[in-house]
Structures are given as structure tokens and as C-alpha cells.
Amino acid sequence: MRITSGYLKNRVILSREGKDTRPTLERIKEAIFSIIFDKIENAKFLDLYSGTGNMAFEALSRGASKAIMIEKDVDALKVIIDNVNRLSVDKQCRAYKNDVLRAIEILFNKKEKFNIIFMDPPYKENLVMQTLEKLSKFDILDDEGIIICEHGKYEKLDNELFNFIKYDEREYNTKIVSFFMKKG
């Protein structure tokens, strides 16, 4: 896996062995960043269920000013930290070991706001709805910000969920990427 654009283009991102982590495929990552290209510059990027940090590193490479990665799996977090050090982006990003739902509350209490929130939770655990509900309750999304949800094809998301409106959706074989913004 590699970074596809920006100042870190073609740099390799390490991934952990096995099937416990499924990084966003390169073609899907490219498509997502093509859709949000005008929102990346100087953005604060939150990568929930971070896995390898793939999406956060891509955002930094393309001009995001800050990235926060949340991952509860210790082995995955070690890979993220390895990637942070190898890419020399430690001044721009932080990786935290925490449950995502708990981390959202902590970020809210710290008065953090993000321009882009990306989530790619484990598909079998149906966490997209729980995470969107938590993000609605604990407002850490900037008023002009967006949420990007990568989820399984079987998990259909309504056009309006909690405080959010779906403004775009793309299908990629067995995956769907849904884009949300705040209502109003």
C-alpha cells in the first residue's frame, strides 16, 4: 500500500499481517480524495477505526494541517506509530489507543473540531450507525465539515441520520462510501 498523491506520494504504508486490518483500497482512496479535493487544504482530519493510518497519511500528504487517528487494537496502533515515524509526520498527527465511541466524547470534552471525519469500522460489527449517533450527540464536526463513511453494501444508510444529511454516495463492488454533512 502506498500514498497516491501529494508530498508523500509513492511512500509505502506498512500494514499488519493477516486479515484483521483491511485498509481502504487504493482506487477507493483515490476516488474519495478526488471527491473531497477542495476540502483537504489545511483541514483537521479525524480517522476513526484507523487501522494503518492510510487515510490520515493520504490527507496529510495532500495538504491537511493535522490528523488524529483512533484505533483500539494494540497491534494495529503499533503499525500506525511505525508509519508515523517512517513518514516523519509526528509533528502533524497523533495516534490514540481508544475505543472510537469513547474517543469521540474525549475529543468533544477537549473542544476539538474537525473539518473531515473518516470512518471505516469493522463491517461485521455494524458500528456506522452507533458512530454517527455519537458524532451527532458530541459535536466535533466543524459546521462546514464532512463525514465520510466506508461501509458494507448490506448496510444501507438513510439520506437523513441524526443531525446529518447524506449528500453523496458511491458504490464500489462490495463497499459503499457515503458522504454526510450537518443539516442546515
Once you have the Cα-Cα distance between ASN98 and SER65, take 0.36 nm times their residue separation minus that, and quote the gain in nm to one decimal. 9.6 nm
How large is the translational diffusion coefficient of the stretch 1-96 in µm² per second when you combine the Kirkwood radius over alpha carbon pairs with Stokes-Einstein at 4 °C and 1.567 mPa s? 99
Using amide H atoms built 1.01 Å from N in the peptide plane, name the residues 5+ places from ALA67, or on other chains, whose amide H lies under 5 Å from its own. PHE45, CYS93, ARG94
Here FRET efficiency (C-beta to C-beta, ASN173 to GLU41, R₀ 30 Å, nearest 0.05) is 0.50
I'd like to know which of TYR167, LEU25, PHE180 lies farthest towards the positive end of the charge dipole of the chain, counting +1 on Cβ of Lys and Arg and -1 on Cβ of Asp and Glu. LEU25
For the chain: relative contact order, % (alpha-carbon pairs under 8 angstrom, 6 or more apart): 17
Debye, to nearest 20: dipole size of the chain, +1 on Lys, Arg Cβ, -1 on Asp, Glu Cβ: 400
Given LYS39/LYS153; LYS78/LYS153; LYS72/LYS111; LYS111/LYS153; LYS124/LYS182; LYS97/LYS137, the pairs whose alpha carbons are separated by over 32 Å: LYS111/LYS153
Simple SL model, points at 7 angstrom along Cα→Cβ for GLU30 and GLU155; separation in nm is 2.6
Modelling each spin label as a point 7 Å along the Cα-to-Cβ direction, I'd like the PHE162/ILE106 distance in nm, to one decimal. 1.8
With all distinct Cα pairs included, what does the Kirkwood hydrodynamic radius of the chain come out to in Å, to one decimal, could you say? 16.2
Of all DSSP beta bridges located in the stretch 1-156, what percent are antiparallel, nearest 5? 5
Cα-based Debye curve of the stretch 84-184 sampled at q = 0.25 Å⁻¹ gives log₁₀ I(q)/I(0) of -1.39
Zone residues, the stretch 47-73, relative to LYS113, backbone N less than 16 Å from point 7 Å out along Cα-to-Cβ: 65-66
LYS137 label point, 7 Å along Cα→Cβ, cut-off 16 Å on backbone N: hits in the stretch 146-184? 162-164
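Rule-based calculations on the coordinates, nothing more; no lab input. Computed from a predicted model, the values in this text were never measured in an experiment. Cβ coordinates were reconstructed from backbone atoms using ideal geometry, including for glycine residues, and neighbour counts include every protein chain displayed.
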